[in-house]
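The values are calculated or read from the model by the stated rules, or taken from the named source; none is laboratory data. These figures come from a predicted structure and were not determined experimentally. Positions of Cβ are backbone-derived with ideal geometry, glycine not excepted, and every protein chain shown enters the neighbour counts.
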Amino acid sequence: MNVRADLAQRREELHAVIRAAAIAEFAEHGLRGASTQGIADRAGISKTKLHYYITSKEDLYQEVLDHIIGLWDDLFHETPDSDDPEGFLRDYIARKLLFSLEYPDVSRVFTSEVMRGAPMLRAHWDASRTATGRAADRIAGWVAAGLIRPVDPWLLQFNIWSLTQAYALHATEVRFMLGLDDDAPLDLDHITQEVTQLVLRGLRP
């Protein structure tokens, strides 16, 4: 690897560290309460160095939101294509739950932005709606083929999002209700089985 390529790779790696630090900071404090000093501290760099990589806290927040939208779009469209809705949904739900439990701060940042009226999401929602529309077309195809019962293909997606993201947004409450310690891992396999069966039983023709 030449020097220029090596520098570019290091820069990209540090940028990924900064983005992860920003997600954690925004998840805990929101946009208004987060600080660039807090982000720098989480990233293990100086505030001066941070500002070499970003223009402002708001621009970094927007980048984080765009990154999150891309991640969730990828979760659906990278799920192996299948004419079998049961196989597809099993895989998709498992991916969503795994992501929610491994990266809960991502759901918290996104939900916090929506709850404040989504002022920094609206300009970027057209692409997300287009992606959700493509998914709705696939689900409508399953309905037309008699593979699942008639269902609103948009609301089905919203309901799956709610079921899977709940374990990121309400993890503390879930652990309390189950009598677990605050840092105890949740049973991913058990949760996935329960959520998947709930969805699939409701879709049977």
In segment 152-182, how many are over 17 Å from PHE99 (Cα atoms) and part of a loop (DSSP other than H, G, I, E, B)?
6
Identify, from the list ALA27, ALA16, ALA8, the residue that is in contact with an Asp or Glu (Cβ under 9 Å, 6 or more places away or on another chain) and either within 24 Å of PRO119 (Cα to Cα) or in a helix (DSSP H, G or I) (or both).
ALA27
Among GLY44, GLY38, which is the only one that is under 23 Å from the mean Cα position of the chain (by Cα) and small (Gly, Ala, Ser)?
GLY38
Somewhere in segment 168-182, is a residue in contact with a helix residue (DSSP H, G or I) (Cβ under 7 Å, 6 or more places away or on another chain) and polar (S, T, N, Q)?
no
Conditions first: (1) free of Cβ contacts under 8 Å to residues at least 60 places away in the same chain; (2) not in a helix (DSSP H, G or I). VAL114 passes all but one, so which condition is the exception?
(2)
Filtered residue count, segment 135-179, keeping only those that are within 17 Å of ARG95 (Cβ to Cβ) and surrounded by 13 or more Cβ atoms within 10 Å (Cβ to Cβ):
14
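Is it the case, given these coordinates, that GLU102 is among the charged types (D, E, K, R) and in contact with a helix residue (DSSP H, G or I) (Cβ under 7 Å, 6 or more places away or on another chain)? Don't jump to the end; show me each part of the working.
On the way: among the charged types (D, E, K, R): yes; in contact with a helix residue (DSSP H, G or I) (Cβ under 7 Å, 6 or more places away or on another chain): no.
For GLU102, the condition - among the charged types (D, E, K, R) and in contact with a helix residue (DSSP H, G or I) (Cβ under 7 Å, 6 or more places away or on another chain) - is not met.
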Scan LEU89, LEU97, LEU75, LEU147 and give me the residue that is part of a loop (DSSP other than H, G, I, E, B), within 23 Å of LEU203 (Cα to Cα), outside the structural domain of ALA20 (by TED's automatic domain parsing) and not acidic (Asp, Glu).
LEU147
